[in-house]
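*Asks:* My structure is below; once you've seen it, I'll send some questions.
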Amino acid sequence: MHQPTAMRRTRLGILTPSSNTVLEPLSSAMVASLPDVTAHFGRFAVTEIALSPASRAQFELDHQLAAARLLADARVGSIVWSGTSASWLGFDRDHALCRAITSATGIPAGSSVLAINELLALVGARRFALVSPYTGDVQSRIVDTYARHGLQCVAERHLGEHRNYAFATFEEPQIADLVRQCAAAGPDAITIMCTNMRGARIAPELERELGVPVLDSTAAAVWTAMRLAGDDPRRIEGWGQMFALG
């Protein structure tokens, strides 16, 4: 008897802050039209974004690795940290995390921030704008981090919130208004830096309106997860021009 050919499946493993309510539904929606692609999530404790030692401790490698090992049990094709902590703690943190995940699981690993950095390079951006829900001191640290790597922040808007759960309460029209304000400075790209912020759905419309790439961090995580899993992110349509970059 003829055995049916098994469909090749792409399973994306995504590490998630425990108090995040935005990235899981948005990430799943991005791949919903692809019957062979699914997103799978592993949480670890993150409830506050600040520069305090207690907040930094949330992002210790052991916590993230424990969640990554559980995701590996699902035989995912990639494991991506869908969070933006490296934007203020330093990019080396995510490079070290990715190496540790791959060493522990044998699975290619990435992160939202490293994906945003790659996308900024692909669109040739040296002058960028930054939108986030964070407090002023965290926002300043992000600006400094990028400045040390040769990228100038020419405009920024932040909402002054430190509770991770509360980031999800800011609605799309408010976020879109912040992006429009930043666009007035003429950046090469605009980054929405937070995976618990509702930027992914509005990014394509804003790109058409403003004529500038809008790089949402949740979408960037899915983009890099697809690539690392050996799939083509160009298959994802309607979520912004980053996916056309392949």
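*Asks:* Among the residues of region 161-183, is any surrounded by fewer than 24 Cβ atoms within 10 Å (Cβ to Cβ), more than 25 Å from L245 (Cα to Cα) and of a type in the set (F, W, Y)?
*Replies:* Looking through region 161-183, at least one residue is surrounded by fewer than 24 Cβ atoms within 10 Å (Cβ to Cβ), more than 25 Å from L245 (Cα to Cα) and of a type in the set (F, W, Y).
*Asks:* Still on this model: For region 20-57, which positions are within 19 Å of M197 (Cα to Cα) and part of a loop (DSSP other than H, G, I, E, B)?
*Replies:* If the condition is that a residue be within 19 Å of M197 (Cα to Cα) and part of a loop (DSSP other than H, G, I, E, B), then N20, T21, V22, V31, A45, V46, T47, I49, A50 are the ones that fit.
*Asks:* Here is a follow-up. Checking the structure you have, find out if any residue of region 211-223 is within 24 Å of I142 (Cβ to Cβ), surrounded by fewer than 22 Cβ atoms within 10 Å (Cβ to Cβ), among the β-branched types (V, I, T) and in contact with a Pro (Cβ under 9 Å, 6 or more places away or on another chain).
*Replies:* yes
*Asks:* Given the criterion surrounded by fewer than 19 Cβ atoms within 10 Å (Cβ to Cβ) and more than 24 Å from M242 (Cα to Cα), identify the matching residue among D36, D62.
*Replies:* D62
*Asks:* Another question, then. Confirm whether T105 is farther than 25 Å from L245 by Cα, buried (at least 17 other Cβ atoms within 10 Å of the Cβ) and in contact with a strand residue (DSSP E or B) (Cβ under 9 Å, 6 or more places away or on another chain). Walk me through it before giving the result.
*Replies:* Working: farther than 25 Å from L245 by Cα: yes; buried (at least 17 other Cβ atoms within 10 Å of the Cβ): yes; in contact with a strand residue (DSSP E or B) (Cβ under 9 Å, 6 or more places away or on another chain): yes.
In short, yes.
*Asks:* What pairs come up if the first residue lies in region 74-89 and is in the same structural domain as P53 (by TED's automatic domain parsing), the second is at pLDDT below 95 and in a loop (DSSP other than H, G, I, E, B), and their beta carbons are under 7 Å apart, counting only those six or more places apart or on different chains?
*Replies:* S85/F59; L89/F59
*Asks:* Follow-up question, since we're still on this one. Which one of S55, S111 is touching an Asp or Glu at 6+ places or on another chain (Cβ under 8 Å) and at pLDDT below 95?
*Replies:* Only one candidate qualifies: S55.
*Asks:* Mind checking which pairs have a first residue in region 40-54 that is in contact (Cβ under 8 Å) with a residue 24 or more places away in the chain and a second that is of a type in the set (D, E), Cβ under 9 Å, 6 or more apart or different chains?
*Replies:* Short answer, once both residue conditions are applied: F41/E24; I49/E161; A50/D137; L51/D137.
The values are calculated or read from the model by the stated rules, or taken from the named source; none is laboratory data. Since the structure is predicted, the reported quantities are computational estimates derived from the model, not experimental observations. Glycine gets a Cβ as well: all are built from the backbone with ideal geometry, and neighbour counts include every protein chain shown.
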